[in-house]
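Working notes, structure below.
The values are calculated or read from the model by the stated rules, or taken from the named source; none is laboratory data. Bear in mind the structure is a predicted one, so any value in this text is a computation, not a measurement. Note: areas computed on protein heavy atoms with side chains; ligands, DNA, RNA excluded. Shrake-Rupley method; radii C 1.70, N 1.55, O 1.52, S 1.80 Å.
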Amino acid sequence: RTVTETDVVNFAGMTGDYDPLHVDHEFAKQTPFGRPIAHGLLGLSLLAGLSSTAPAMQTKAFLGIGKWKFLRPLFIGDTVHVKTEVTDLNSKNRRQGRVTWCRQLLNQMDEVVQEGEFETIVACSSLRVRRDGGGTPDVRGPTTDRKSTRLNSSHVVISYAGFCLKKKNKKKES
């Protein structure tokens, strides 16, 4: 998704944030950025939209955003994409589970512009968990792996299938 000047002007109009850093080219030339930058919350909104269907989940509720960082400016003309990683899964009940996502907004040079965590509740019928085998996975699409895994890994991969998250098995201490 390429950020346009129209996006910035429309976001300013919608939010009332007409800070000259975003909308005044002459003012922005005098800043360390040398040109207008898009609103940070516009970048966050783009990330939310781009990640809403990848992976396709039946989201029941959006619970919050945590540890959000604005690391680089987002410029008009930047083309952005999203990297998503599941960092935690917890069953709420048989019908839904809580998912914590680490999400990053990256520019065309693969530089992280923004990053942080989203927390959602999703329908379990839209989830399937499989072992990743290590590393830090991205969220992926359908897989042929039909084995479930206990939810005690800090990194899991979500794919589409029709079963619910299993609750963590707690080890008894002796």
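Rounded, prolate or oblate: which fits region 14-80 when a ≥ b ≥ c are the square roots of the eigenvalues of the alpha-carbon gyration tensor, with rounded for a/c under 1.5 and prolate only if a/b beats b/c? Judged from the Cα gyration tensor, region 14-80 comes out prolate (a/c at least 1.5, a/b above b/c).
Computed with a 1.4 Å probe on the full set of protein chains, the accessible area for Val9 sits at about 80 Å².
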